[in-house]
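Written out below as structure tokens is the structure these notes cover.
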Amino acid sequence: MIGGGINGAGIGWELVRRGYRVTLFEKREFGWATSSKTTKMIHGGLRYLEQGHIGLVRESLEERAFLVQHLPSLVRPLRIVFPIFGGSTRSRWMIGAGLALYDRLGGRGALPSHRWMGADEVTKIAPLRRDALRGGYEFWDAQVDDRELVRTVIRSAVRDGLDAREHSPVERLRRNDAAWHVEMRDGTELKYDAVIAVAGPWMGQLLAASSISSGCALALVRGSHVVLDRLVSDTGLLLPSPGERRIFFVLPWKGATMIGTTEVVHEGSLDDVAPSSLEIEYLLERFNAFFATRATGSEIRSSFAGVRPLIGSRADLGALSREYHVESDAGLVKVFGGKMTTFLSLARHVGDRVDAMLGMHLRARPPQFAA
Ligand SMILES: Cc1cc2nc3c(=O)[nH]c(=O)nc-3n(C[C@H](O)[C@H](O)[C@H](O)COP(=O)(O)OP(=O)(O)OC[C@H]3O[C@@H](n4cnc5c(N)ncnc54)[C@H](O)[C@@H]3O)c2cc1C
């Protein structure tokens, strides 16, 4: 397997629990890339619901329920408020209907249902400007330390038999004598019955270096966050981005406040991704449009950016699907896209593809996270 982000870690774990012997190669440290640059949400995604991706939202909420129950030390319920302002393009009733559907898809008893709050209650929770504030909806999702999630999954997988190797860049893949040859950057070559490529935004590069074609086009879309050196609220906020159809988050994060995210076509190296000054300005402007106490650049504790490997062309970045796409043929499985939230369901799907490819019918032992 190539790629030690959350998806590679999850797939490796699934396969060893099915009884396969698996080696996972990661060119740097596990989880250093996209999988530790996320908004840290284990969620269905209200935005994806608005875009009509009901299947993805349902699958994500099922995964959320599983993770909240089975990994409570890391995946914690988070209260979020969606404030409603006069003149908003999304009406109170539309958002209420969306949240009712979100609750239903999330299943009974999973997390508390949404409820309406008046403007006074909203401003007690978060120091928002009062002008035009009509009230807000409270709903629940979950938050995770994304890098720690990858480490926990890798630890669980290694305990269950995965051979997980960091600092092991793969140069290219080659098919020969009905086997796959994995050529490492240090010149060594290893032979496998099957290969799974889960290289996130590097999928295009890996396949091109190996002269392997694919029917799947990936758009590389950078998303940035800034972390302010103060805790604005211990409740998360989901806010409409002024002048756009987008929404953005203001979230409590390790005693500070995280603001994100952006959507910008990423040009240049994938190995050194950082927010541009324009993105930082954009995020501060969005925050300052809503909060009584303005944020300035000097308050930024840290900032980070990741590149989403999204399926489709670049025309409308916000509308590109967050679903995953898997291709399998002649002992090679190619994994594209996907959310962090759905890493376990993607892993089951890939496990079934591997079984079908190798003519096996294996059942995975139930996943038990390592401490
Ligand atoms: C800004 C942003 C916010 C997001 N927020 C959320 C969120 O809140 N919730 C959510 O569910 N999802 C979120 N996502 C999506 C989520 O981050 C991704 O779906 C997920 O992290 C992808 O994981 P991955 O394992 O496929 O890719 P990656 O984490 O990028 O892992 C790929 C790995 O492959 C390795 N690799 C590449 N080429 C080679 C090679 N030749 N040899 C060896 N190793 C190689 C890389 O080093 C890398 O570690 C967000 C994404 C972004 C960018």
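Given the convex hull over the Cα atoms of the chain, what projected area results after averaging over all orientations, in nm²?
18.3
Give me the distance between the Cα centres of segment 299-371 and segment 172-191, rounded to whole Å.
Between the Cα centres of segment 299-371 and segment 172-191 lies a distance of 23 Å.
Quote the FRET efficiency, to the nearest 0.05, computed for Glu50 versus Ala292 with a Förster distance R0 of 22 Å and r equal to the Cβ-Cβ distance.
Result of the calculation: an efficiency of 0.20.
Which length gain, in nm to one decimal place, applies between Arg175 and Gln368 when the Cα-Cα distance is subtracted from 0.36 nm times their residue separation?
Computed gain between Arg175 and Gln368 is 66.0 nm.
Compare Gly135, Gly204, Gly86 in a GNM of the chain, Cα atoms joined below 10 Å, and give the one with the largest fluctuation.
Gly86
In the chain, what is the count of Lys pairs whose alpha carbons are under 30 Å apart, counting only pairs at least 8 residues apart or on separate chains?
Step by step, the pairs that qualify in the chain add up to 16.
Please state the shape class of segment 13-66: rounded when a/c is under 1.5, otherwise prolate if a/b exceeds b/c and oblate if not, all from the C-alpha gyration tensor.
oblate
Dipole magnitude of the chain about its Cα centre, charges +1 at Lys/Arg Cβ and -1 at Asp/Glu Cβ only, in debye to the nearest 20?
The dipole magnitude comes to about 800 debye.
Multiply the residue separation of Arg76 and His167 by 0.36 nm, subtract the distance between their alpha-carbon atoms, and state the gained length in nm to one decimal.
Length gained, Arg76 through His167: 29.7 nm.
Looking only at Trp93, Trp253, Trp13, which one moves most when the chain is put into a Gaussian network model with springs between Cα atoms under 10 Å?
Top of the fluctuation ranking is Trp93.
Quick one: what are the phi-derived ³J(HN,Hα) couplings along segment 118-134, Karplus 6.51/-1.76/1.60 with θ = phi - 60°, whole Hz, x for glycine and proline?
x, 4, 4, 5, 4, 6, 6, 7, 9, x, 7, 5, 6, 4, 6, 6, 9
If I take all pairs of Cα atoms in segment 169-231, what percentage of them are more than 12 Å from each other?
Of the Cα pairs, 74 percent sit more than 12 Å apart.
As a test of understanding, state the convex hull volume per residue of segment 20-178 from its alpha carbons, in Å³.
Convex hull of Cα atoms, per residue: 181 Å³.
How much length is gained on full extension from Arg245 to Asp352, taking 0.36 nm per residue of separation minus their Cα-Cα distance?
Residue separation times 0.36 nm, minus the Cα-Cα distance, leaves 34.7 nm.
Springs between alpha-carbon atoms under 10 Å, Gaussian network over the chain: tell me which of Glu26, Glu263, Glu281 tops the mean-square fluctuations.
Glu281
Can you list the residues, at least 5 places off or on another chain, whose amide H is less than 5 Å from the amide H of Ile196, using H built in the peptide plane?
It is Ile2, Val333, by chain and number.
Taken together, the values in this text are just the output of simple stated rules run on the coordinates, not laboratory data. All values derive from a computational prediction rather than experimental measurement. Cβ: placed from backbone, ideal geometry, glycine included. Neighbour counts: every protein chain shown.
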